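The next block holds one structure in the form of C-alpha cells; read it before the comments.
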Amino acid sequence: MSSTGHKHYHDNDYPAKRVVEVYFCDDRFPLIDENLKFPMEQIHKDIDSGLVKGETLIDFSVTASANHLIPVCNGFKDIYVVDVNKVNIDEFEKWLQSKEDAANFSYGAKVHHKLEGGREAWHLKEDKIRQAIKGVIQWDISNDDQVPVDLPQADCILSVFLLEITSKDKDTFQSNLNKLTSRLKIGGGILLFTLINMTFYMVDEHKFFVLTVDTDFIKQAVINAGFVIEKVNVLPSKKNCELVDCDAIMYVRGRKEREA
C-alpha cells in the first residue's frame, strides 16, 4: 500500500487481539484517555443529549474493540459492525460469543459507567451491546466497490480511526468515505474520529502504516462526501508514548445533505 515498508491492517497475520490488548484494554497504554476515553465521551455526550439517535447504526472502526459501541446502545437499537479484515472479524466474533479467550472490554464499560453517572451497572453493558449487534460484515472497502447485500441503510455511521489506517492515499480515503456513507440515509449523521498527522503505530516490534492527514483535509473530505459539519472537536496529544506519533485526535459530527 505504501513505500514505507510498514506492515498493514489488511495483512492476513494482523495481530487483532494484541492491538486491542495494547491500545484499548486498560490504562497501561499512556494515551488511553485520547484513543479510548475521548471517543467514548464525545459519543456519549451527543447521544445522551438527543442530538444523535435513530434505529440503525453502522460501525466502521479500528480493531476488534467494542469499547466505543458501549454508549451507542443508548441511542440506537440495531448495530452492524463492518471491518475490512477477517482476522478482526474472527476476533470480534469471539467476544460476541463470550468465549474465554476473547478480548476483555470491562475497562470501557467502567469508563462509560462513570460518564453516565452510574445509571446502569457496568457489568451489564457488554451484554447490552451483544444484543444490539445484528450483523458482523466483512467489506474490504478499498478494493470492493460492491456494497455487501446484508448491510442495510442506516441512520448513523460511526468510524473510529479506521479510514486513515486502511486508505493508502488521500484519494482512497475520500473514495472509502464516499462508499461507506452511501449506506447512510439523507439526514443521517456521521460520527468520525481521525488520527491527525500520524504515520505509524507499533505492535510489539512491528510498525503499521497510517495515512497522514490534517484537520483541513478531514473537514473537506466530510463536506465532499455530502455532509454539513455540525461539530468539530480536536484533542491535542500528550505525545508521551513512543508507540504512536499522533499529533491529535479529531472528532467531526456531520449531517448528510446529499449523495457524494
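The values are calculated or read from the model by the stated rules, or taken from the named source; none is laboratory data. Just so we're clear, the structure is a prediction, and the values are computed from it rather than from any experiment. Backbone-built Cβ (ideal geometry, glycine too); neighbour counts: all protein chains shown. Each accessible area value is taken on the protein alone, full model and side chains, heavy atoms only, with ligands, DNA and RNA left out. Shrake-Rupley method; radii C 1.70, N 1.55, O 1.52, S 1.80 Å.
Under 5 Å from the amide H of residue 154 lie the amide H atoms of 184, 185, each residue being 5 or more positions distant or on a separate chain, with H modelled from the backbone and absent for Pro and chain starts. Under the convention that each Lys and Arg Cβ holds +1 and each Asp and Glu Cβ holds -1, the size of the dipole of the chain around its Cα centre is about 680 debye. Here the Karplus curve 6.51 cos²θ - 1.76 cosθ + 1.60, taken at θ = phi - 60°, turns the phi angles of region 29-36 into couplings of 7, x, 9, 4, 5, 7, 8, 10 Hz, with x standing for Gly and Pro.
The HN-Hα couplings worked out from phi for region 244-260 by the Karplus form 6.51 cos²θ - 1.76 cosθ + 1.60 (θ = phi - 60°) are 9, 10, 7, 7, 6, 10, 10, 10, 10, 10, x, 10, 6, 9, 7, 6, 5 Hz, whole numbers, x standing for Gly and Pro. Accessible surface for the chain, divided over its residues, is 42 Å² per residue with a 1.4 Å probe.
Give the percent of DSSP beta bridges with both residues in the chain that are antiparallel, rounded to the nearest 5. Antiparallel bridges make up about 50 percent of those DSSP assigns within the chain.
For the chain, the carbon plus sulfur part of the accessible surface works out to 47%, probe radius 1.4 Å.
Taking amide H atoms as placed 1.01 Å from N in the peptide plane, the amide H of residue 84 lies under 5 Å from those of 139, each 5 or more residues away in sequence or on another chain. Charging the Cβ of each Asp and Glu at -1 and of each Lys and Arg at +1, and nothing else, the dipole of region 38-149 about its Cα centre rounds to 480 debye.
So what is the relative contact order for the chain, in percent, with contacts set as C-alpha pairs under 8 Å and at least six apart? With pairs under 8 Å counted, the relative contact order is 21 percent. Would you calculate, for the chain, the mean residue ellipticity at 222 nm contributed by helices, counting each DSSP H stretch of 4 or more residues as -39,500 (n - 2.57) and dividing by all residues, to the nearest 500? Rounded to the nearest 500, it is -8500 deg cm²/dmol.
Taken one residue at a time, the phi angles of region 83-98 give Karplus couplings (6.51, -1.76, 1.60, θ = phi - 60°) of 9, 8, 10, 4, 4, 5, 4, 4, 5, 5, 4, 4, 5, 4, 8, 6 Hz. Gly and Pro are set to x.
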